[in-house]
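Asker: Below: one structure in structure tokens.
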Amino acid sequence: MLAKIYSQSELILTICILITSSIGLRFVFESLGQRWITTYAHTATLTLLPLITFIITKVISGNIALSLGMVGALSIVRFRNPVRSPLELSVYFLAITMGIAASVKLKWLIILIIVVIFALMVLGLVSFVSKIIFQKSFFNVSFSEGNSVSTLEITSSTNIDILSENIFLKSESFKNDTVEYLLISNDVNDLKKILNAVKALNDSIVYRINVG
């Protein structure tokens, strides 16, 4: 009887840790600028996948016949939703691994979460140090990575040095007697600050800002 109560308590604890860890990871990714994960679909997927994997692993563990039947049933499932970035795919794989680790032993789930958060913090620190020391972004912003971005397009009749050396500069092109700059950032406020600085130097520019 005591063993059964302990088993139920451990099950409830594991489920609570899985849900809490999933929501915590969602906020960690958001703090690193990955705003695509803030949608309901991505947040719910990150929360549900570990729970589903955990239950499936618990159900089929120790039963070879049931395991084979479950593999056959799952093999007919086809995921048609396109994955827009390698990070999104990695997050799904992480969510599945969390469920598997929790079904084996709770300590492996805790170790996995700690290691993942530590790795993400290191990436964030490297990006911060790169901007401060080298005045250059460690990561290249991409339109195809699934994350929303804001853009600033500036056209000027003369070169603008603060734009040519800016960390958010994506492209600089020369056309006839004009120079066109394209700057990209995950935070539109960064682009607005740059625009105000350029206006103070040259108020004859033509610009367009797109909020992601």
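Asker: When ranked by the protection proxy of mean other Cβ atoms within 10 Å per residue, highest first, what sequence do the peptides 104-112, 42-50 form?
Answerer: With the highest mean Cβ count within 10 Å placed first, the list reads 42-50, 104-112.
Asker: Over the Cα atoms, compute the radius of gyration (one decimal) and Dmax (the largest Cα-Cα distance, rounded to a whole number) for the stretch 4-53, in Å.
Answerer: In Å, with Rg to one decimal and Dmax whole: 13.1, 44.
Asker: Mind ranking 23-35, 157-169, 192-204, 89-101 by how tightly packed they are, going by the mean number of other C-beta atoms within 10 angstrom, highest first? Write out the running numbers ahead of the final one.
Answerer: Details: 23-35: 16.2, 157-169: 14.7, 192-204: 12.9, 89-101: 17.9.
Highest to lowest by the protection proxy: 89-101, 23-35, 157-169, 192-204.
Asker: Could I ask something else about it? Go through the stretch 96-112 residue by residue and turn each phi into a ³J(HN,Hα) via Karplus (6.51, -1.76, 1.60, θ = phi - 60°); whole Hz please, and just put x for glycine and proline.
Answerer: Coupling constants for the stretch 96-112: 5, 5, 4, x, 5, 4, 5, 6, 7, 7, 4, 5, 5, 5, 5, 4, 4 Hz.
Asker: Note down the magnitude of the dipole of the stretch 156-212 about its Cα centre, charges +1 on Lys and Arg C-beta and -1 on Asp and Glu C-beta and zero elsewhere, to the nearest 20 debye.
Answerer: On the way: 6 positive and 8 negative charges, 41 e Å.
For the stretch 156-212, the charge dipole is close to 200 debye.
Asker: Rounded to two decimals, what is Rg over Rh for the stretch 147-212 when you use alpha-carbon atoms and the Kirkwood radius?
Answerer: Numbers: Rg = 11.1 Å, Rh = 11.8 Å.
Taking Rg over the Kirkwood Rh, I get 0.94.
Asker: Something else about it: Starting from the amide H of Y207, placed 1.01 Å from N in the peptide plane, find each other amide H under 5 Å away whose residue is 5 or more places distant or on another chain.
Answerer: For Y207, whose amide H was placed from the backbone, the distant partners under 5 Å are T155.
Taken together, the values in this text are just the output of simple stated rules run on the coordinates, not laboratory data. Keep in mind it's a predicted model, so treat the numbers as computed, not measured. Positions of Cβ are backbone-derived with ideal geometry, glycine not excepted, and every protein chain shown enters the neighbour counts.
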